Amino acid sequence: MHHTHYHRPASVAEAVKLIGEHPDDKVLAGGQSTLPSIKLGLLAPDGFIDLSGIGELRGIRAEGTSVRIGAMTTHHTVATSKDVQAMIPALAALAGGIGDRAVRNRGTIGGSLAHSDPAGCYPAGVLGLGATIHTNSRQVAADDYFKGLYETALKPGELITAVTFPRPEKAAWLKFKQPASRFSIVGVFVAKTSGGVRVAVTGAGACAFRVKALEDRLNAKFAPESCEGVAIPADGLNGDLHGSAAYRAHLIGVLTKRAVAAAA
């Protein structure tokens with residue numbers, strides 16, 4: 001029988017210290033990805049470092065033209081937050097469509113981003129809005145964070161503490177979901193920001209990514225018809241029983257057009 005140990009730190013500093021002392025332990029946020037992985041035999045950590053006792057990692061607050069969300073804030077809390085609904089309704093809609101009620105009440109934004117599932121919803125929102133990921137030691141721009149399949153810019157022992165989302169001029173989120181898991185077969189987050197239009201995609205590749213061809217068209221004219229005729233290459237995209245790479249490439253264009261219509 002595999003024996004594990006369990007730690008429940010009360011502060012970020014204590015959590016970071018424990019991570020350094022127990023590098024083979026699994027950091028536990030909401031556990032909505034960790035526990036299924038253990039059940040499937042894909043993960044067998046020596047122990048757990050449970051972040052649920054760290055109050056400073058929870059909460060949402062408006063900061064001028066942005067919203068700061070603590071890493072241990074649940075999807076349900078984001079979805080029902082008056083600040084998020086008022087400033088970035090598309091982000092509230094994204095959070096409200098993750099998984100089912102059980103997942104939304106346990107899963108956290110920090111856990112989702114640390115895990116970086118290729119079909120997860122939050123990565124598209126973070127990348128589409130040009131958010132900033134705060135850790136215990138630095139700040140990471142969304143464009144520099146997602147590196148590959150379950151791979152991020154986080155360094156060993158680094159812990160996400162919060163995410164700051166700038167308020168966009170317009171934004172919308174749409175996903176074509178797998179009905180059983182509610183993960184994105186393809187999900188698209190479109191945002192018109194002060195720095196230009198951003199189109200972020202999840203479910204189609206190894207990690208969330210932006211589509212420059214669509215962004216260029218939409219920067220010229222932010223209208224659904226601008227998406228017409230833009231060819232999305234299927235090379236390197238995911239293909240499985242839910243949809244081929246070519247199918248996913250087609251969905252990117254379709255969902256982007258619909259998202260622009262919804263945002264406008």
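The values are calculated or read from the model by the stated rules, or taken from the named source; none is laboratory data. Please read all numbers here as calculations on a predicted model, not as lab measurements. Positions of Cβ are generated from backbone atoms using ideal geometry, with glycine treated the same way; all protein chains shown enter the neighbour counts.
In region 182-196, the residue that is farthest from P166 (Cα to Cα) out of those that are in contact with a helix residue (DSSP H, G or I) (Cβ under 7 Å, 6 or more places away or on another chain) and surrounded by 24 or more Cβ atoms within 10 Å (Cβ to Cβ) is V186. State whether one or more residues within region 25-44 are outside the structural domain of V201 (by TED's automatic domain parsing), under 25 Å from P156 (Cβ atoms) and in contact with a Pro (Cβ under 7 Å, 6 or more places away or on another chain). Within region 25-44, one or more residues are outside the structural domain of V201 (by TED's automatic domain parsing), under 25 Å from P156 (Cβ atoms) and in contact with a Pro (Cβ under 7 Å, 6 or more places away or on another chain). Can you find, within region 32-58, the residue that is farthest from S11 (Cα to Cα) among those that are modelled with pLDDT of 85 or more and not in a strand (DSSP E or B)? That would be R58. Within region 61-100, being without any contact (Cβ under 8 Å) to a residue 60 or more places away in the chain, part of a loop (DSSP other than H, G, I, E, B) and more than 18 Å from A114 (Cα to Cα) holds for G64, S81.
Of the residues A142, A79, A93, A102, the single one that is surrounded by fewer than 16 Cβ atoms within 10 Å (Cβ to Cβ) and more than 21 Å from E56 (Cβ to Cβ) is A102. Among residues of region 227-242 that are touching a residue at least 60 places away in the same chain (Cβ under 8 Å) and under 14 Å from G203 (Cβ atoms), those with a Cβ under 9 angstrom from a residue that is hydrophobic (A, V, I, L, M, F, W, C) and assigned to a loop (DSSP other than H, G, I, E, B), sequence gap 6+ or separate chain, pair up as N238/A119; N238/A204; N238/A206. Take the conditions (1) part of a loop (DSSP other than H, G, I, E, B); (2) within 19 Å of Q32 (Cα to Cα); (3) of a type in the set (S, T, N, Q); S137 misses just one of them, which is (2). From the list I232, I252, the lone residue that is out of contact with any helix residue (DSSP H, G or I) (no Cβ under 6 Å at 6 or more places or on another chain) and closer than 19 Å to W173 by Cβ is I252.
Return the residue satisfying two criteria in turn: it lies in region 182-193 and is assigned to a strand (DSSP E or B) and either of a type in the set (V, I, T) or at pLDDT below 95 (or both), and of such residues it is nearest to L18 (Cα to Cα). Among residues in region 182-193 that are assigned to a strand (DSSP E or B) and either of a type in the set (V, I, T) or at pLDDT below 95 (or both), the one nearest to L18 (Cα to Cα) is S184.
Tally up the residues in region 151-181 that are free of Cβ contacts under 8 Å to residues at least 60 places away in the same chain, touching a helix residue (DSSP H, G or I) at 6+ places or on another chain (Cβ under 7 Å) and either in a strand (DSSP E or B) or within 17 Å of A200 (Cα to Cα) (or both), please. Total satisfying the criteria: 1. Selection of region 116-130 for residues being in a helix (DSSP H, G or I) and either over 8 Å from the mean Cα position of the chain (by Cα) or in contact (Cβ under 8 Å) with a residue 60 or more places away in the chain (or both) yields P123, A124, G125, V126, L127, G128, L129.
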